[in-house]
Each structure stands twice: as structure tokens, then as C-alpha cells.
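Taken together, the values in this text are just the output of simple stated rules run on the coordinates, not laboratory data. All figures in this text were calculated on a predicted structure; none of them were measured in a lab. Counting neighbours? That spans all protein chains shown, and the Cβs are built from the backbone with ideal geometry, glycine included.
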Amino acid sequence: MVCAPNQALAYHKPWVNQASAWALASASWSEAKTSAASAGPASMESLPETGAAAACCDHWDGVEHQQHQQQQWQQQQQQQTFVVLHQQTVQKEKMKLLKKLQEIQKIEQLMATGVNVHRLQAQKIGKKHTLVAQLESIEQIEENKLRSDADKQHLTKSLEVMSEDHNTQQVVQIGNNAELHEEMPQLQPQELQHQQQQQNAGGTKSATTRRRERRKRAEKNYSAAGANAATPQESTEEHAASTSAVGRADMLLDRLQGDGAERREALQALHGSVVEQAFSAGGCRTLQQALQVADLETASKLLAELHGHVRSAAESPHANYVVQRIVELMPPVHSSFVVNELKGASAYLARHRYGCRIFCRLVEHSMGGEDFTELMSELLVDALGLSRHQFGHYVMQSVLEHGSQEHRKQLVAALCNDIRQCAQHRWASHVIETALSYCAPEEQRSIAVSLGCLDQDAMVSLALTQYGSFVMKALIRVPGEPGRVAWAHVQNARAQLTAHRYGQRVLESGAQGFREA
């Protein structure tokens, strides 16, 4: 029996690839056909020539079509990957430019208030126009791309092949498999467009975009769940109450900014609702204004309502501003209750996002007295832990800037116990920088010796770390022997420091500082 090529292909060995098997099958078919022709017409009649040839062609066309589709799919995937990477790079560059412009804006605000800024920070303002031009060019490119995508989508819609009834679209698949073509369901045009948009969106969305969308969906579901849980009557009553409270706070704030009679009426209206006003977004501003315009007798009556609420106010995003205002405006006789209520929870509240602000104001406006001394002693027991905390280190910096000499010595002694680890810590390094700037020469010398200013290897290793480089720059700026010795070690290791970006910062800062001196 003679086998057609498509039949011989099915019996090829596993280790023979498809192309080799096809070549062997074609050769065998040609030999068989030649021998049958020489044998006579009877043998030729036994060959299913027409059916076999058609099957061969069908099979070979199907293989070529599959290979062509696979190549097209690979090209599309590569193109989509390139587009995604390009968009991510553009977005990162845009975020960098925005951060730089925000930093320049903060520097301009500081200069507008009369604060002396560093020379390097002032030089950044000159780059503002260049950064703005770069940001505008990126936004223009994004806008042009959006327009181009919209034009392509419009062109695609105009070229769609619609059926006669304009409701269905025939999906055509190139191929010779008629059964597959007949069984394929017909899709609506809107469904096809929706699927295409989903595929395009899934291929171009970045991880940040997907994460932001998940967050929005979670917030939406949470809001929907809360709305479903509350009855319509309760939600309406709560909304009406909140609206009424906001309107009342705004009205009182306007009266407090008016003449004497309006102020007295507003202050009288605040009696009995001080706690409620302090813990609300609008009421806390009204209460701060009331403390500023009221006399001591009226203010003391208002503050009497806050007794027992200081700890909860220290953790409130609104009431903490009221407590800060009390410390800033009221004399120690009327504000001593704040210190009394903070005792026993100082280590916890100094680490709080809002509570640390109150401790900074207390140190800046030192009230003195036994209660304040006890509070500071309790706070400085954990000086090393607070220096390493994200919010606690602000309190320690305030102690170094505005605290008493005794408190500074106590804090510096705690830092020197583990000075080298603190110098390379993200938050504690800020505390050491402040100590080198505000402490007495004795404390500065003690910190320099603990850092190893007499050891060149210790100075170089510190300058090559991310946060230690800032400490090293502060040490170089210290007047007297510690700064000169540290700068000498830096100059001796100039070749080693130049090869590292943190070392380059130390060299540039030190050279500029000595030039200005």
C-alpha cells in the first residue's frame, strides 16, 4: 500500500522534526507514484491522487498560516512591551521634575519670609525655568499621543465592516477549516470594541496605575457598604448635623474677626461646646482665633472645658493645633494642665504623628517648674529610641535647638553611647547634625571624638554612607579643631571619595564651606 505524504507524516519518528519528516514523506510519495506508473494503469488507479494532493496542500497552508499568526503575535507583544516601558520612563521623569519644582517652591516661600537659605538651595531657583520647560515638553508629548490615539480609534471605527442590519458584525477567520468558521459565534460590535479596549488597556497600564485603581475600587466599595449599612433617615440626619456644625463654626469665626461686640457674642456662644469645636475641622480654627482675641479671664474659662482631654487631643488631627496654640499664647499659670496631663505618656505621644508637635512647642516655649522638669526627664530617658523614630526625632531636635544646657548634655551623652550607628541611621543622623550645629563647643568636641575624627578610616567610611555623609558635612562645618581635622582626613582621601557619589557631596560641601570662611 502506498501512503500519501500527509499519511506518511503521521508515522515519522519522534526525534525527526516536522520539516525533515515532510521531506522524507514527499520523496517516498514521488517514488511510489513513479513505480506505480511504470507498473501500469491499474496501479495508477489505486492512487488517491486528487484527495491526497488536496490534503497535502490544506495541511501545508494551515501550518504556514499558524506560523504567520505566531510571528504577528510576537511582534505585537514586543511592541506593547516597548510602549509600556517608554510610558513608565516618561512618568518617572515627570515625577522627578514635579518633586524638584515642589522643592524650589518651598525654598522660594522660605526666602519670601526672610529666612536665610543655603547657597546651594538658592542656586536651585535659577533652574526653575529649565525644569518648567522640560515638564511642559513632556506634557505636550503626552497630549499629542492622546490625540493620535483618538484619531486612530476614530479611523478604526470608520473602517469597520458592518452587516446590513447594522446590529451584527461577521467575524471572518482566514483558514480552510469550514467547521470552525460555522461554529464560531457572532459578536456584537460593541462587545468587540469593549474586548479590544480591555486588551489594550491591560497591556499598557503600569503597576502604579493598577494599584491606584484598586485603591479607588476599595474606597468606593467601602463607601457603598457604609451607605447601605446606614438607613436613609440616619444618613440624612448626620449630614444635616455636620452641615449645621460647619456653618456654625464659620459664623463664629467671622464674628471673632469683627468688632468688640461681635467678639464678645462669639466668645459667649463658645461656652459649653469647646471640646466639640476643638475636635472638628472647622471648630479648631474658631477656637484658636478665640484664644488669640480673648482676655485671660475669658480664655481660662474656655480652657477649663479642655481639662482631661489633652491626651486625646494630642492624637487628634484637629485638636492638636488647639493645644499647640495654648502652649504658645497662654502663660504657664493657665497652660500648666497640658504638662500635667502629658506626664506618664510622653514616650508614646512624642512618637505620635500629631503628638510630637505639642512636645516641640513645649520645648520652644519652656514654661519651667517642677512639672515641666519631670516631663523632660521622663522624655529623655528614651532619648536614643526617640532619636531613631520617624516623628520622635523632631522632638529631640527641638531639645537641642531650644532646650536648656542640662537637657542638651543629657541628650548628647545618650547619643554618644551609640554614635556611629546613629550617624548612619535615617532619622538619628538628623539629630546628630542638629547637635553639631547648636550644642556648645564641649558637646561638639565630644561628638567628634565619638565619631572617630582622629581616625581617617572611620571618617572615610562615614563619608561613603548615604546618611553618614550628611553628618560628615556637618562635622566639617564645626568651627575649631574638630572641623579642621575632619576636613584634613577628607582631603587625604580625595581620590577614594571622588569615586563615590556620597563622597563627592562631602568634598563639594567642604570646599564651599572653607571658601566662604
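So the values come out like this:
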read-out	value
Length-normalised contact order for region 245-393 - Cα pairs under 8 Å, 6+ apart - percent	19
Karplus-derived 3J(HN,Hα), 6.51/-1.76/1.60, for each residue of region 469-485, Hz, glycine and proline x	5, 5, 5, 5, 5, 5, 5, 5, 7, 5, x, x, 5, x, x, 5, 5
Filter on LYS124/LYS473; LYS145/LYS216; LYS216/LYS343 - keep pairs with C-alpha separation over 31 Å	LYS216/LYS343
9 Å beta-carbon shell around VAL323, net charge (K/R +1, D/E -1)	+3
Ordering of 441-449, 471-479 by packing [mean C-beta count within 10 Å, highest first]	471-479, 441-449
Ordering of 493-501, 374-382, 432-440 by burial proxy (mean other Cβ atoms within 10 Å per residue, highest first)	432-440, 374-382, 493-501
Around CYS439: net Lys/Arg minus Asp/Glu count, Cβ-Cβ under 9 Å	0
Packing-based order for 361-369, 483-491, using average beta carbon neighbours within 10 Å, highest first	483-491, 361-369
Assigned charges on the beta-carbon of Lys, Arg, Asp, Glu; region 434-517 dipole about Cα centre (debye)	300
Neighbourhood charge, 11 Å Cβ-Cβ cut-off, centred on ARG408 and excluding it, Lys, Arg +1 and Asp, Glu -1	-3
